[in-house]
Each structure stands twice: as C-alpha cells, then as structure tokens.
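Trainee: Questions regarding the structure given below will be posed in turn.
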Amino acid sequence: MSKWLEQEKSNYKKNHQKSLAAWKKANELFPAGVSHNIRDFHMTPLGLGPPFISKGRDARVIDIDGNSYIDYWLTHGAAILGHAHETIMKAIAKQLHFSNHFGMVNEQALTLASKIRDATPSIEKLRFCTTGTEATMYASRLARAFTKKKKIAKIRAGWHGGNDTLFYYVKHVEKGMESSGLKTQVEADIVSFDYNDIDGFRNILKENKNEIAAVVMEPVLGAGGAIPPRDGFLEIVREETDRNDIILIYDEIITGFRLSFNSGQGYFGITPDMTTMGKIVGGGTPIGVIGGRDDILEQANLQKDGKVWIGGGTFSGNPVSMVAGIATIDALEKNKTEFYESLNNNGEKITIELQELLDKYEAPAIATNVGSMICIHWFREKISDIRTGTEVKLNLDNDKVNKFQLLMFNRNVLIRSGFGYLSVKHTKDDFEKTINALEDSIKIITKNS
Ligand SMILES: Cc1ncc(COP(=O)(O)O)c(C=O)c1O
C-alpha cells in the first residue's frame, strides 16, 4: 500500500474509533453493515467503515467520535434547508404533542397536498406514500393501466428506487439486470435508452411501436451524476411521448423543490403527465408523492370506475411528515427568489472552481452540475466530455472514488460518490474550506494515480 494511503487510513482510524467499533457491530446485525447499500460511503473496499452520525445542525453533521463535517450529502439531498431547521423542528414537536399518526385522514395532508399542487405545473391530483421507491412503482402502474400498454422505457443509469418495476439498467447499463430475484428485463417489460441520446430514444420508440406505456425519467440525471440535458433532449422526449400516446413521468424525487420552487419542470419549462416526489417535500421525514393529470390519477378512485390499486402504506400521509413538509415548503416559498438564486448560483460557481482545480492538476475527472446538484466523475483516463450515464458508468474509476471519499472525510467534508447537494445554510466560509479540502484531495489522487 502506498505511503500516503497508509497515512490517510491511519488518521481515519485514529479519529473514528467509536464509529469503527460500531461498524463492527453493524456487520454482525445487517448484511454488509447497512440497511441502505450506499451507506458504507465507499469505506468497505478500503477496509474501513463510515462515520456514525449523531447530530446535525444547518450545513454540519457531527459523528459519535466528535468529528464535525460540512455536509453536502444532506440526507440524500433532502435537507435543502439544512439540518434541524427551527420551524420544521417546531412543527414536528407540536404535532408529536397530539400524537404522531392515527391511520386516519387529517387536515395537514390537505394543506401539504395543496401546496405541492399549486407549485407543480403537472400536478392536478396526487397521493402520498412513504418512499420515492413506492411512488415511481405506482406511477408506472397507473401509466400502464391508462395506456393499456405494457412496456416502460427508462434512462440508463437512472435510479428510481429498488422496486421490482424499475430496478433495471442502473449500474449495469448494458445488461440491465441489477439483482438476482428479479424478473429478467425482458419479462419485466423494461426498455432503456441513454440520457441526451435523441437517436437512441427514437430507436426505442421504433423498435417498441405502440408498446410503451411510459417514459420514466428524471429531468436531470440526478443520482446518475448530475448530468444536464442538452440539445433540446427534454423537449424532444416531451414531443415524441405526446405524439405516441406515451405517459411522460418525471421522477422529481431529487429535483423537486430543489432546482426551483416549481421543481425541474418549472426550471426547464416542460410539463410531464405525471410527477413523483419525495425527499425535500417530507422536510426530512419519510414521504413519497405520486402526482399528475386528473384523468390518470382518477383511475385510483375505486369508488368510480377506478381500477388501479395504488397506495396502502400504513404511514402514508402521516401528520408528522405532513407538517414537516408544510414547514419546508413555507420556508422555501417565503424566500423563494433569494434561496433559489443563491443555491443555483453557488452550484455553478463551485462547479466552475472545481473544474479549474481538476484542470490545474490534470486530473482524470469532470465536474458536472445542474443548479445545486454537483458531481465529480473520476475516470480511469481523461475524458473531455460526458453526456450520458452510460459513459459515466463504463469509465468510472471506483478506486479513485473510494480514496477521494476517504481524503474528504479526513478533511471534514461529507460528500458521496463525487460530491452532492447544496443547502441554503452553507456559508462562504464553508465553501472556502471545501475548496481547500477539494484541492488537497484532487492533488493527492491525481499525483498517485
Ligand atoms: C431520482 C430518485 N428516484 C427515486 C428514489 C427512491 O426514493 P426513496 O429512497 O425515498 O425510496 C430516489 C432516492 O434516492 C431518487 O434519487
């Protein structure tokens, strides 16, 4: 093992003794030590474990050993207002005083639903569930029933949760099979195309004539690497789905209320037929939203001629998630112009600085962003541009990603898989410290690769 890596690992071990002891126990309790596969934060391949976090406030989290991190992971992107935001905490505390859930309809759900509907161009009706994974699965089911067609088209490297409907072509962008125990992609009626590949998309339409019920996509390839849309890609997908009676489902579980108050669809000016949301609209508590055109959603009305069963979650629409979501949307709305301008401008600025650093050290990496979603893609060799998730997945250098993660942990910056998300609580001082940590880490990775 190289000397620098030995030193970094030894520093990490010295500063994370409690976390490493907890990690040992975690591996006795959970397969791979985790309940969500990505939560080892690239530490397993290095023979280490992730920090166990015990506290968070604003843009910082603190682990059980007392290390404090500037947080760009932000609860999988959900904590746009930072951690422990005062009005969200107050709203939750007030609700808990009256109990957390009754399994009954409640007025709080009406308030949150109205706020989401008012802000989101495509949403005429909606239903709440408890995760984004459920939301994308139910949205696909509604689209299949509505169009009476079977196939779902998705973007390669797009992550829509681990449900049996859409967990294909995520990491395994060529073969498509992500897990044993799933139907094959052919049996599951899933077809795929590349983000930003208009010809590829048209080919899929041609090859599957009149069989595609829905295109499920994020407006920005989010978890797939913050890759922006190019060359009228979003516009053409909208036109072609319209022309071919295909339901366009925007998965806005990351981009919802992040790119703008009117989500990705407002930011890009394109209205899909259906929208799924999660993360931010739950104010840091479990939530999923299935929304869209009235005629599509009304299929779920079993009192009328509805025929599509969606939902069924014990904790769907629970008042704690509802009030946390209301407090979040209210806080965002109150400062709408200022918040979104600064989130998006800071995202641009950091990405430019990042790319300058990568160029300065001739790092085999590219920084991409859309607004406050940012990613550094580490490759085996230098690549001049990336447009698709397939290019990212096939060229990614996992070893560099893992080591970069360790270097950033040791410099008290919490990122994941490259970088992450901004909150309204990150300060100029946070950004300066982050850029210093990035420069140091980029220099070390590039020098030693
Ligand atoms: C774009 C997208 N869709 C769906 C999901 C799944 O949401 P959840 O983790 O709430 O099930 C995620 C989660 O990261 C996501 O990023």
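Trainee: How big is the equivalent ellipsoid of the chain along its three axes, where each semi-axis is √(5λ) from the Cα gyration tensor, reported in whole Å from largest to smallest? Intermediate values should be presented prior to the final figure.
Mentor: Values: eigenvalues 237, 146, 87 Å².
Ellipsoid half-lengths, sorted descending, are 34, 27, 21 Å.
Trainee: Rank N345, G264, Q303 by how far each Cα sits towards the positive end of the charge dipole of the chain (+1 on Lys, Arg Cβ; -1 on Asp, Glu Cβ) and give me just the farthest.
Mentor: Checked the options; the winner is Q303.
Trainee: Is the C-alpha gyration tensor of the range 364-449 telling us rounded, prolate or oblate? Criteria: a/c under 1.5 is rounded; beyond that, a/b larger than b/c is prolate, otherwise oblate. Before the final figure, lay out the partial values.
Mentor: Working: a/c = 2.14, a/b = 1.30, b/c = 1.65.
Oblate, because a/c is 1.5 or more while a/b does not exceed b/c.
Trainee: Could you give each residue of the range 268-274 its phi-based ³J(HN,Hα) in whole Hz, using Karplus coefficients 6.51, -1.76, 1.60 with θ = phi - 60°, and x for Gly or Pro?
Mentor: Values, residue by residue: 9, x, 10, 9, x, 7, 9 Hz.
Trainee: Suppose the chain between E298 and H36 were pulled fully straight at 0.36 nm per residue; how much longer would it get relative to their current alpha carbon spacing? Don't skip to the answer; put the middle values down first.
Mentor: On the way: separation 262, 0.36 × 262 = 94.32 nm, distance 3.33 nm.
Stretched fully, the E298-H36 segment lengthens by 91.0 nm.
Trainee: Using only helices, what value at 222 nm comes out for the chain when you add -39,500 (n - 2.57) per DSSP H run of length 4 or more and divide by the total residues, to the nearest 500 deg cm²/dmol? Display every interim value, and only then the final one.
Mentor: Working: 15 runs with 183 residues, N = 449.
-12500 deg cm²/dmol, from helical runs alone.
Trainee: What's the longest uninterrupted piece of the chain once you rule out the GluC sites (Glu not before Pro) that are loop residues per DSSP with at most 11 other Cβ within 10 Å?
Mentor: Numbers: sites that count: E174, E187, E362, E381.
Between the exposed loop sites, the longest stretch runs 188-361.
Trainee: Can you list which of the chymotrypsin sites (Phe, Trp or Tyr not before Pro) found in the range 100-165 are DSSP loop residues with at most 12 other C-beta atoms within 10 Å? If you can, show how the numbers build up before the last one.
Mentor: Numbers: sites: F102, F128, Y138, F146, W159; in loops: F102, W159.
Sites meeting the loop and neighbour criteria: F102.
Trainee: Could you name the lysines in cross-link range of K24, using Cα to Cα under 24 Å and dropping any fewer than eight places away on the same chain?
Mentor: K9, K13, K14, K55, K403
Trainee: A further question follows. With a cap of 13 neighbouring Cβ atoms within 10 Å, and only residues DSSP puts in a loop, list the trypsin sites (Lys or Arg not before Pro) found in the range 366-431. Intermediate values should be presented prior to the final figure.
Mentor: Numbers: sites: R380, K382, R387, K393, K400, K403, R411, R416, K425, K428; in loops: R380, K382, R387, R411, K425.
The qualifying sites are K382.
Trainee: Sticking with this one: Assuming a ≥ b ≥ c are the square roots of the Cα gyration tensor eigenvalues, decide whether the range 86-334 counts as rounded (a/c under 1.5), prolate (otherwise, with a/b larger than b/c) or oblate.
Mentor: Details: a/c = 1.80, a/b = 1.58, b/c = 1.13.
Verdict is prolate for the range 86-334.
Trainee: How much length would be gained if the chain were fully extended between I435 and D231, taking 0.36 nm per residue of separation minus their Cα-Cα distance, in nm to one decimal? It would help to have the intermediate numbers written out before the result.
Mentor: Working: separation 204, 0.36 × 204 = 73.44 nm, distance 3.10 nm.
Full-extension gain reported as 70.3 nm.
Trainee: Of the options S114, I92, W23, report the single residue whose Cα projects farthest towards the positive end of the charge dipole of the chain (beta-carbon charges: Lys, Arg +1; Asp, Glu -1).
Mentor: In the chain, that residue is W23.
Trainee: Where in the chain are the helices, taken as whole DSSP H runs, whose Cα atoms extend 20 angstrom or more along the long axis and whose Kyte-Doolittle mean reaches at least 0.5?
Mentor: Details: long enough: 132-147 (23 Å, -0.09); 319-334 (22 Å, 0.88); 336-360 (36 Å, -0.94); 428-447 (28 Å, -0.62).
Passing helices, by number: 319-334.
Trainee: Please identify every one of the chymotrypsin sites (Phe, Trp or Tyr not before Pro) in the range 236-328 that sits in a loop by DSSP and has no more than 12 other beta carbons within 10 Å of its own beta carbon. Can you show the working numbers first?
Mentor: On the way: sites: Y250, F257, F261, Y267, F268, W309, F315; in loops: F257, F261, W309, F315.
Listed in order of number, the matching sites are W309.
Coordinate-derived values only; no laboratory data. As the structure is a computational prediction, the values presented were derived from the model and not from experiment. Positions of Cβ are generated from backbone atoms using ideal geometry, with glycine treated the same way; all protein chains shown enter the neighbour counts.
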